[in-house]
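Undergrad: My questions all concern the structure below.
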Amino acid sequence: MAANSYALRTGSAPHLRPVTQPSNKPGLLVGNSFWYALHFPGLSQEGYVQPIKDLAALCLSVSDHIYIPGQDVLAIDVRSSLRLFGGMRGLSRTLRPALQDKLKQLQLPVLYVEAASPSAAASILLSQTHQNLLISQREGLRSVLGSIAIEHLMLDKKIKKRLAGCGLHYLRDLWRLPAAALRLRFGRELSDYLSQLLGEQKSSLPRWHERLVFEQSITPDAQAETPADILVLAALLLDQLNAFLRKHHKTADQLLLGLTDVRQQKLSIELSTRHPVRESSVWLMLLEHKLQKTMINSAITSVSVLCSHFQDYCPGGAHPAQSRAQLSGSDKAAPDLLELLSARLGKDAIFSIHHEEDYDPAAAGNYQPYEHIQAIKPSVKAPRSRGFIPAGKQPCLLLPTPMRLTTRQQNPVYLSPLTLLQGPERVETRWWTGQDIQRDYYVARNLQGMRLWIFRDLKHSKAEPDTRSCWFLQGLFA
Amino acid sequence: MIFPDSPLNKPEDKVQQLLAETPGLWRGNHPHNTSVTHVGRQYSSRSVSPGLVDLFGAPERHSELDSHSVSTQSTGFSALDQLLPGGGWPTSGLVEIVSRHKAIGELQLLMPLLRMRSHQPQSLLWITPPYQLHGPALAQSGINIRNSFVIPAQTRCNNALWSIEKALQSTECGMVLAWQNWLGGRVIRRLQMAASEGKTLGVLFHQRPTPHSPATLQLELSAAPDSDDGHRQIGIRLLRAKGSHRQGEIRLRLPG
């Protein structure tokens, strides 16, 4: 890819003094990246963390690859942006008004130092040493950096002290020494840093990502008095959210809808989907069901939407939920059935059936909120048994807590006297917890034809032999 | 004038004659029908499409009763297949199961169906079962419990009905099992329409039968004494079947 002529002429920019002769030497973009560093002296004091992020956010208009190596310096990979902005000069000119406005807004000195080179470390060092330079060729780095004092390097103080002790005060002193000897004597950190400065090695800087937050509110002229009014207002905000998600290639699986009434009381409604979505129609449908359940006592003056958790957009058909929808031929925009149900009934009203390997029937089978299911993909295969098979046949319906049965002539009764058909089957477990279980289980039948799973509590019968019944109903063979 | 010996004096013969004269009189009329009492039986004698074989080999059958094709699948019990029009459970629609008492084997009756449906991609929804479903027992019976979701009995009646309707309308749900003490005809009709829309099978467990129910199938279950060899039995009475006039009662032996 050839650099455009404007980019190659950037060396003539008045504030960027050309060192080599880029205008005559094509190949500005020979390397993989070209780094533009901005140093803000006003942010050097400690405590300024957020301003540099605000400034970085402004730089997103010229490149997505932004790095924050320190609280007063930014490094931007602008290689792929040079053609669009007409070279370094055009890019710098594009950024300048926004940066100056932001610095004024932050009440900081409207001053910053720019430097650009094929090396990130070199650009940062040049900007930090207040050298407005544009170095277009990697070969030119060595001579330009040679005059920089070692005390300015981003190195450990001990290494700097050792270098000074050896009479090495400038980078040019180091250039004269063999790299292998430097590495042997001063360690890997120094040699790696020098390689980075010369563009021979990539800098390992963590890329900065802007934290996305969508927060919008709307205050209508007329107060919203019915759920339909609220839905109309919410639809406007959700359309904005949809546009926001499309812009950032994101999807969301939860958002918070805030309602403020005339008494300035705030009500928050949390909407969440099982799979991340973009479509505002899904959120609206969930909101409609939520509003049916929500008691709104007074008119609503303001509606807001806050969404701060995002996931990367998954192209159509790649998501398990979408593929399942396609499998069943349903509308893509339709929400998952369980999401729809949980929107009205509540998240804690839909359960999946859990299966534990335990001899205590109550502990072996219980419900769990459906969201705790690990597999998103619908499981076609049955869970593989790991060898645990409950001894004897157990009923499909179980009482949450065993129900004590009355007795007639020491025989258990449930609606009518019970006839024991099978049993006993002894279950003794949980002795290590102090709440041990000692039961004899029977299959019984009453005169109505009901087949029941009952047990005789041995522990209880020993403790209270004659006072109360020791027969309990545990389940029903439906 | 009435001739006592005339064969047309018998009501069946009169109906047969009417059927011959007016082919579209009965909804269950079919060219192969020769007798009213056999109207329903021609369902079970239908040829099985070789492509429609489910996971466990139970064939799906399509009756050609009228323009509305009714698809059925085997119940897993040959006696019940013979009783039901179409030779099995309908693959979609609403089935009402009426039993005055619980725990007489109503779920055992559906086990082969549940086993098959739970292994399909669509999920199984249990709405307000009277007691907690016991996972190990269901898994032991071969039901894929990972594909099953439960709305517990504490749910309010209107929410439960709303959930049944939404689940029946959804194509993500393969089967809905719901327990309600009693539902009116209008509600049943609405649920039946939802099931038709989503092509989903819904099974409603009642304690009292709904008169003139628009459900696809209405069965009444009753407890029966155990067989001589100690096997559990259940009495099944076919109250109503959509598109059929068949009625009957059998005693079914349930697997151990």
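Undergrad: So how far apart, in nm, are the two label points at A:Ser147 and A:Leu58 if each is 7 Å from Cα heading toward Cβ?
TA: Here the modelled spin labels are 2.9 nm apart.
Undergrad: Please say if the stretch A:125-221 is rounded, prolate or oblate, where rounded means a/c under 1.5 for a ≥ b ≥ c the square roots of the C-alpha gyration tensor eigenvalues, and otherwise the choice is prolate for a/b larger than b/c and oblate otherwise?
TA: prolate
Undergrad: Multiply the residue gap between A:Asp239 and A:Arg172 by 0.36 nm, knock off their C-alpha separation, and tell me the result in nm, one decimal place.
TA: 18.2 nm
Undergrad: In peptide A:339-349, what is the residue-averaged number of other protein chain Cβ atoms found within 10 Å of each Cβ?
TA: Going residue by residue through A:339-349 and averaging, the value is 4.
Undergrad: Excluding same-chain residues fewer than 8 positions from A:Lys459, which aspartates and glutamates have a Cα within less than 12 Å of its Cα?
TA: A:Glu428, A:Asp436, A:Asp440
Undergrad: Using a 10 Å cut-off around each Cβ of peptide B:116-126, what is the average number of partner chain Cβ atoms that fall inside?
TA: Mean partner shielding for this stretch: 3.
Undergrad: Among A:His248, A:Gln311, A:Gln201, whose Cα sits farthest toward the positive end of the charge dipole of the stretch A:179-313 (+1 at Cβ of Lys/Arg, -1 at Cβ of Asp/Glu, about the Cα centre)?
TA: A:Gln201
Undergrad: How high is the FRET efficiency between A:Arg162 and A:Met403 when r is their beta carbon distance and R₀ equals 60 Å, given to the nearest 0.05?
TA: Step by step, r from the Cβ atoms, then E = 0.15.
Undergrad: Taking each residue in B:164-175, count the Cβ atoms of any other chain within 10 Å of its Cβ, then average. What number comes out?
TA: Average per residue, whole number: 4.
Undergrad: Mind sorting B:Lys199, A:Lys158 by how few other Cβ atoms lie within 10 Å of their own Cβ, fewest first?
TA: A:Lys158, B:Lys199
Undergrad: To continue, here is another question. Net charge near A:Gly146: determine it from the other residues with C-beta under 12 Å of the C-beta of A:Gly146, scoring Lys and Arg +1 and Asp and Glu -1.
TA: Counting the neighbours of A:Gly146, the net charge comes to +2.
Undergrad: Cut-off is 10 Å between beta-carbons; in what order do A:Asp457, A:Asp358 appear when sorted fewest neighbours first?
TA: Exposure proxy ranking, most exposed first: A:Asp358, A:Asp457.
Undergrad: How much FRET efficiency would the formula 1/(1 + (r/R0)^6) give for A:Tyr48 and B:Cys157, where r is the Cβ-Cβ distance and R0 is 60 Å, rounded to 0.05?
TA: 0.50
Undergrad: Charges only on Cβ, +1 for Lys and Arg, -1 for Asp and Glu: so what's the dipole of the stretch B:75-253 about the Cα centre, in debye to the nearest 20?
TA: 400
Undergrad: Determine, for A:Lys393, B:Lys242, A:Lys104, A:Lys157, the number of other Cβ atoms within 10 Å of each Cβ, and report the residues in order from fewest to most.
TA: Taking fewest neighbouring Cβ atoms as first place, the list is A:Lys157, A:Lys104, A:Lys393, B:Lys242.
Undergrad: Can you compute the charge dipole magnitude of the stretch B:211-256 about its Cα centre, using +1 on each Lys and Arg Cβ and -1 on each Asp and Glu Cβ, nothing else charged? Give it in debye, rounded to the nearest 20.
TA: Dipole about the Cα centre, nearest 20: 300 debye.
Undergrad: Anything over 22 Å Cα to Cα? Flag those among A:Lys53/A:Lys161; A:Lys293/B:Lys166; A:Lys104/A:Lys247; A:Lys293/A:Lys347, in the order listed.
TA: A:Lys53/A:Lys161; A:Lys104/A:Lys247
Undergrad: Okay, moving on. Tell me whether the stretch B:75-253 comes out rounded, prolate or oblate; compute the Cα gyration tensor, take square roots of the eigenvalues as a ≥ b ≥ c, and use a/c under 1.5 as the rounded threshold.
TA: rounded
No value in this document is a laboratory result; all are computed from the given coordinates. All values derive from a computational prediction rather than experimental measurement. Every residue, glycine as well, gets a Cβ built from its backbone with ideal geometry; the counts of neighbours run over all protein chains shown.
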